[in-house]
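Peer 1: Before I ask anything, let me first share the structure, which is written out below as structure tokens.
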Amino acid sequence: MRVLELFSGLGGWRCALRNLGRVVAAYDVSEPANATYALNHGDRPKSREIANVPLAELASHGAETWLMSPPCQPFCRMGNHQGLDDPRSRAFRHLMDLFREAPPDYLVLENVIGFLGSDAHTLLTERIRAHGMHQLDLQACPSRFGLPNQRPRVFIVTSRKPLHPRPMPELPPRPLVDFLDAEEDQALYLQPETLARYHYGMDFVEPRDQRSTCFIGGYGRRFVGSGSFLRTERGVRRFSPTEVARLLGLPDGFSFPEALSLEVRYRLLGNGLSIPVAAWALDHL
């Protein structure tokens with residue numbers, strides 16, 4: 001497959017693609033994301049606002065497949081629930097206009113569970129049906145794929161050819177210790193006054209546990225509802241960015257540009273993709 005990776009972020013779709021095809025162009029407006037993508041994949045995404053990319057430009061890449069993870073904030077549990085009216089849906093609305101004119105042969109979209117039943121989901125389904133294409137709405141969580149992380153997501157798989165559901169793995173989650181850094185970053189430990197203020201609402205796990213909650217982009221700033229915190233003999237600490245990356249299934253050696261702050265790294269990971277789950281979704285094509 002020749003693939004357009006839209007809202008490319010850290011390049012999760014590129015990792016999940018494996019030998020099924022190659023990314024001929026990636027697009028993302030975030031400079032930190034594009035710098036991280038270039039560091040890990042060698043190619044730099046086009047720093048363009050997708051809402052302004054004309055159909056002729058997308059067509060010029062000769063891609064028959066679109067892979068995308070549009071902004072989830074309009075549909076997530078803690079978001080504003082404005083759906084297509086949210087300014088962050090502008091790029092998705094534009095892509096749906098382009099889809100109406102010249103749909104790709106294949107499209108796979110990832111988003112939060114709240115995307116199902118939203119006005120954006122309805123719009124996408126209308127576009128798919130108008131072109132006589134086939135659609136699967138899949139739900140999956142990495143905890144079924146051997147990863148000790150709860151990150152339920154929806155995958156909309158679209159094809160000109162008939163689609164058939166594939167069985168989902170039932171691998172027991174491995175313990176968190178398998179995903180931890182060999183050397184701890186002592187700066188990640190929380191101060192006693194922080195724990196005293198927030199501990200009633202925080203989610204605590206230990207290295208031998210086989211679960212963690214979803215890490216969101218605000219993990220570097222928030223303590224409640226943003227992800228799990230690790231209890232050790234020394235105290236309680238955040239998971240490091242490299243540990244969160246492993247829990248997402250990103251490849252060994254994945255790294256960030258040194259200049260990126262801890263907060264930015266967490267924000268990029270919070271918008272990331274669970275690689276094994278995305279690979280399973282792609283296997284439906």
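Peer 1: Among the listed residues Leu107, Leu136, identify the single one that is in the same structural domain as Leu17 (by TED's automatic domain parsing), surrounded by 20 or more Cβ atoms within 10 Å (Cβ to Cβ), touching a strand residue (DSSP E or B) at 6+ places or on another chain (Cβ under 8 Å) and in a strand (DSSP E or B).
Peer 2: Leu107
Peer 1: Here's another thing I want to ask about it. Do you know which of the residues in region 219-248 that are without any contact (Cβ under 8 Å) to a residue 40 or more places away in the chain and basic (Lys, Arg) is surrounded by the fewest Cβ atoms within 10 Å (Cβ to Cβ)?
Peer 2: Going through the qualifying residues, I end up with Arg231.
Peer 1: Has region 226-246 got any residue that is among the acidic types (Asp, Glu), modelled with pLDDT of 95 or more, closer than 24 Å to Asn271 by Cα and assigned to a loop (DSSP other than H, G, I, E, B)?
Peer 2: There is no residue in region 226-246 that is among the acidic types (Asp, Glu), modelled with pLDDT of 95 or more, closer than 24 Å to Asn271 by Cα and assigned to a loop (DSSP other than H, G, I, E, B).
Peer 1: Here is a follow-up. Determine which member of the set Leu4, Leu10 is in contact (Cβ under 8 Å) with a residue 40 or more places away in the chain, surrounded by 17 or more Cβ atoms within 10 Å (Cβ to Cβ) and assigned to a strand (DSSP E or B).
Peer 2: Step by step, each of Leu4, Leu10 is checked, and only Leu4 is in contact (Cβ under 8 Å) with a residue 40 or more places away in the chain, surrounded by 17 or more Cβ atoms within 10 Å (Cβ to Cβ) and assigned to a strand (DSSP E or B).
Peer 1: So which of Ala16, Ala63, Ala51 is surrounded by fewer than 17 Cβ atoms within 10 Å (Cβ to Cβ), in contact (Cβ under 8 Å) with a residue 12 or more places away in the chain, in the same structural domain as Leu109 (by TED's automatic domain parsing) and more than 22 Å from Ala259 (Cβ to Cβ)?
Peer 2: Only one candidate passes the filter, namely Ala51.
Peer 1: Just to be sure before I move on: is Asp252 surrounded by fewer than 19 Cβ atoms within 10 Å (Cβ to Cβ), of a type in the set (Asp, Glu) and touching a residue at least 12 places away in the same chain (Cβ under 8 Å) in the structure I sent?
Peer 2: No, not satisfied.
Peer 1: A follow-up question, please. Looking at Leu138, Leu195, Leu147 in this structure, which one is more than 17 Å from Leu273 (Cβ to Cβ) and among the aliphatic types (A, V, I, L, M)?
Peer 2: Checking each option against the conditions leaves just Leu195.
Peer 1: Give Ala56, Ala38, Ala91 a once-over and let me know the one that is surrounded by fewer than 23 Cβ atoms within 10 Å (Cβ to Cβ), over 18 Å from the mean Cα position of the chain (by Cα) and part of a helix (DSSP H, G or I).
Peer 2: Ala56
Peer 1: Related question: Take the residues in region 194-218 that are in contact with a strand residue (DSSP E or B) (Cβ under 7 Å, 6 or more places away or on another chain) and not in a loop (DSSP other than H, G, I, E, B); name whichever of them is surrounded by the most Cβ atoms within 10 Å (Cβ to Cβ).
Peer 2: So the residue we want is Val205.
Peer 1: Got at least one residue in region 64-84 being closer than 26 Å to Phe215 by Cα, at pLDDT below 95 and either β-branched (Val, Ile, Thr) or assigned to a helix (DSSP H, G or I) (or both)?
Peer 2: yes
Peer 1: So how many residues does region 175-188 have that are more than 26 Å from the chain's Cα centre (by Cα) and of a type outside the set (A, V, I, L, M)?
Peer 2: The qualifying residues number 2.
Peer 1: Right, here's the next one. All but one of (1) farther than 26 Å from Glu258 by Cα; (2) of a type in the set (A, V, I, L, M); (3) surrounded by fewer than 19 Cβ atoms within 10 Å (Cβ to Cβ) hold for Val29, so report the exception by its number.
Peer 2: So the condition that Val29 fails would be (1).
Peer 1: Still on this model: Please determine, by comparing only the residues of region 143-193 that are charged (D, E, K, R) and assigned to a helix (DSSP H, G or I), which one is surrounded by the fewest Cβ atoms within 10 Å (Cβ to Cβ).
Peer 2: Glu193
Peer 1: Considering only residues that are among the polar types (S, T, N, Q) and more than 21 Å from Gln150 (Cβ to Cβ), which ones fall in region 106-122?
Peer 2: Ser118, Thr122 - these are the residues of region 106-122 that are among the polar types (S, T, N, Q) and more than 21 Å from Gln150 (Cβ to Cβ).
The values are calculated or read from the model by the stated rules, or taken from the named source; none is laboratory data. In this text the structure is predicted, and so the values were computed from the model without any measurement. All Cβ positions, glycine included, derive from the backbone under ideal geometry; neighbour counts span all protein chains shown.
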